[in-house]
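Just below is one structure, and these are the notes that go with it.
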Amino acid sequence: MANTRREFIRNTAAIALTAGTVTASSPEPDDWFDRPMRWAQLTLVEDDPRKYDLAFWLDYFARTHSDAACLSAGGCVAYYPTKVPLHHRSKWLGDGDAFGDLVAGCRKLNMVVIARTDPHAAHQDVYDAHPDWIAVDAQGRKRRHWATPELWVTCALGPYNFEFMTEVTKEIVSRYKVDGIFSNRWAGSGMCYCEHCSKNFKTATGFDLPRTSSPQDAARFAHSEWRQQRLFELWRLWDSEIRKINPRACYIPNTGGGALSDMDMKAVGELAPILFADRQARRGLMPVWANGKNGKEYRAAMGRKPIGGIFSVGVEEPYRWKDSVQTAAEIRLWALDGIANGLRPWFTKFSGTLHDRRWLKVVEDIYGWHHRHERYLRNEEPLARVALVYSQQTAHLYGGERAREKVEDHTLGYYQALIEARIPFEMVHDRLLDPSHVDAFRVLIFPNIAALSDRQCQQILEYVQRGGSVVATHETSLYNERGVRRPDFGLAGLFGASFDGRLDARMQNSYLRLEPGPGAAERHPLLAGLEDAERIINGVSRVHTRTRGAYPNPPLTLIPSYPDLPMEEVYPRVPKTDIPEVFVRQVGRGRVVYFPWDIDRTYWEVLSPDHGKLLRNAVVWAANEVQPVVVTGAGMLDVTMWRQKESVTVHLVNLTNPMAMKGPVREFIPTPPQQVTVRLPGGRRAKKVQLLVSGGTPTVREANGSISLTIPSILDHEVVAIDL
Ligand SMILES: [Zn+2]
């Protein structure tokens, strides 16, 4: 078994490494992928064929200048006269062809058309003919659909997808010559214990299917790898069958995301010529910048390849009011933050029959503006100089079931601090730390990226040797790529600190002392903005460290926890220690800042402005250069900066709103004036400067390779467009 397992892991690694060569992912001249800038998705419901208004939808696509459409074709329900046995035709299809009519109409509008399939649910006749196609739960029961109990949940990794859905896919592409197939919920609905999964997993790995969720369980790990391998196999199968019929078409899975997503984004990015970030709206306590974060996460793996940003017009809470409509302001701000972060807008509407028409004008306005200024929205590259690293292996193998709190909350905290600091930034995938992916950045931030291999640590070291700077927090590099704790940080040499064997998981009432610099005259720039403070609150969790070599004058030292009750006991037992709570160093031409505590996670929980300043100052000090764009003025803005072929743009999304951290936004609050200074790339001069939202040509001062201007007010969004 050990041999089988080793071989399996080796094979998996080989597959991951060669994923990019299986399908041509570099755009060919006749590829359509980069053409569409605005997507329209109409997801039909089963009774639409008798009800929906074809002319209305085609007219709406034209009015919104949508240049691509995603239309429901088959899978759970076929909206065309399918001949594939067991492919369930809509009961209301009759002699018609709802999908075909829409395709023909969109083609007349010169739109790219991709067909949507959804294989996750099947009807009773499928169950009766092929009970083995149905997913099985841990107790061995075939799974009824959780929302529609007369349907059955299908197994994604067996013959239902590999055989039946392959026939469906081929039929749709042959009949309609669509440009691609986009599958929703194609990757299964949780763990499946069916006969195919049991047998295939055993054959591949020697293990029985795991019944634990512990990420350190060998069978569990093997299953996660095997499942991905199987899904990549399915992706390649569908893609190659599609291309045999239409070489310009491709398969596009609905997949991807950040640290918590389950398919390796490095391999996804290599395989996909185009992807769509499916984060339809806010739910729960979600900040409005979360849509922009999607764009950054996908781009980390996709690079210059196009990414659509799917936004829904409805409410996205667990109660799934799929026929609802959000406020106009919420729809706008969500879509605009995606656009500002490089996503090409994609509206999705479920049901061709409208129950609430309030969203129509909102989307038409956004798309109309987007169409008018398309030239300035066709980005070539982001000009951010800072990047936040994310790590799926850290989330899965170190975070496990607590990944949200142990991993993602660190990222969210640092993300929020960068937004408030108005520092444009990108995200970087931890398996893409090679020079071609990181050397555009001056600073890489590692927000508790705990699980890193020796190779990854070496890449980070080499990045610093080439002049890059690093900011890291908490347990970064204390675990290997499998989530197993190391005796010392993989990056101990870079941090100038070693692990001292202990972790305080929860500190109560602990503080940080702000120390004078050498000569007592001046504090370290890390403490800028805190001149009037002697001490500030500490975080919640702390790694014990030992200083490696001399480290005089640490800017922050620990004041240990002391009782917080009864009040008579609340006085510091130790007023001062020499235990550093930040390590700041120059390493060659690079700079390194390491916080051995959970400053970013605590920031997400507590939002202490003092911590926000430290997080900002760490990046500014590490960057040690003039920022590409500086925006001053009151309010919270998401600031991004882009290069197009002949221009540079700076997007400013106004997040200043009582509902910024939990929607929905009711109204926009206009900002006071903002001073903007933009460093022009490569010493270029500005030919023309425009404000693309409020309109007009601002008064511009140009000096030292930079331009400065004042934006009187931003309602929801502004774009400074600079022709070079
Ligand atoms: Zn199965």
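Only the coordinates and a few stated rules stand behind these numbers; no lab work does. None of the values given here were measured: they were computed from a predicted structure. We place every Cβ from the backbone using ideal geometry, glycine too, and count neighbours over all the protein chains shown.
Observations on the structure shown:
- Separation of alpha-carbon centers, the range 572-620 and the range 456-495, rounded to whole Å: 17 Å
- Additional length obtainable on full extension of the chain from ALA533 to ALA129, 0.36 nm per residue less Cα span: 138.1 nm
- Taking each DSSP H run with n ≥ 4 as -39500 (n - 2.57) and averaging over every residue of the chain yields -8500 deg cm²/dmol at 222 nm.
- Order of GLU241, GLU405 under a 10 Å beta carbon neighbour criterion, fewest first: GLU405, GLU241
- Crossing angle, helix 328-340 versus the chain [Cα axis fit, 0-90 degrees, rounded to tens]: 70 degrees
- Relative to the longest principal axis of the Cα atoms of the chain, the long axis of helix 609-623 lies at roughly 90 degrees.
- Stretchable slack from ASP323 to ASN110, in nm (0.36 nm times residue separation minus alpha-carbon distance): 73.8 nm
- Qualifying trypsin sites (Lys or Arg not before Pro) in the range 67-176, where qualification requires a DSSP coil assignment and no more than 11 other C-beta atoms within 10 Å, comprise LYS83, LYS91, ARG141.
- Shape call, the range 291-393: gyration tensor on alpha carbons, a/c limit 1.5: oblate
- Cross-link reach is defined here as a Cα-Cα straight distance under 15 Å, omitting same-chain residues fewer than 8 places apart; for LYS687 the aspartates and glutamates meeting it are GLU646, GLU702, ASP723.
- Förster-model FRET efficiency, 41 Å R0, ASP578 and ARG375, C-beta, rounded to 0.05: 0.10
- Neighbour-count ranking [beta-carbon atoms within 10 angstrom, fewest first] of VAL407, VAL676: VAL676, VAL407
- Calculated FRET value between ARG523 and GLU364, using beta carbons and R₀ = 45 Å, to 0.05: 0.25
- Evaluating 6.51 cos²θ - 1.76 cosθ + 1.60 at θ = phi - 60° for every residue in the range 153-158, the Karplus couplings come out as 7, 8, 7, 7, 9, x Hz, glycine and proline recorded as x.
- Here is the size of the range 87-203 from its Cα atoms: Rg then Dmax, 16.2, 52 Å.
- For the chain, the residue among ALA384, PRO435, PRO36 whose Cα projects farthest onto the positive side of the dipole built from Cβ charges is PRO435.
- Loop-located GluC sites (Glu not before Pro) across the range 320-397 with a Cβ neighbour count of 15 or fewer within 10 Å are GLU380, with loop assigned by DSSP.
- Förster-model FRET efficiency, 35 Å R0, SER198 and LYS244, C-beta, rounded to 0.05: 0.65
- Degrees between helix 218-245 axis and first principal axis of the chain (Cα, 0 to 90, nearest 10): 50 degrees
- Dipole magnitude for the range 566-626: about 420 debye, using +1 per Lys or Arg Cβ and -1 per Asp or Glu Cβ, origin at the Cα centre.
- In the range 534-631, trypsin sites (Lys or Arg not before Pro) in a DSSP loop with at most 10 other beta-carbon atoms within 10 Å: ARG573
- Amide H within-cut-off set for PHE276, under 5 Å, with H built and near neighbours excluded: THR255, GLY308
- Anchor LYS296: lysines whose Cα lies under 22 Å away (excluding residues fewer than 8 positions away in-chain): LYS266, LYS305, LYS406, LYS645, LYS662
- Reachable aspartates and glutamates from LYS170, criterion Cα separation under 17 angstrom, eight or more residues apart if same chain: ASP118, ASP179, GLU233, ASP239, GLU241
- Cα gyration tensor, the range 218-299 - rounded (a/c under 1.5), prolate or oblate: oblate
- The rule of thumb for compact globular proteins, 2.2 N^0.38 Å, goes into the C-alpha radius of gyration of the chain 1.00 times.
- Cα gyration tensor, the range 575-724 - rounded (a/c under 1.5), prolate or oblate: oblate
- Here the Karplus curve 6.51 cos²θ - 1.76 cosθ + 1.60, taken at θ = phi - 60°, turns the phi angles of the range 527-536 into couplings of 9, 4, x, 10, 4, 8, 10, 9, 8, 9 Hz, with x standing for Gly and Pro.
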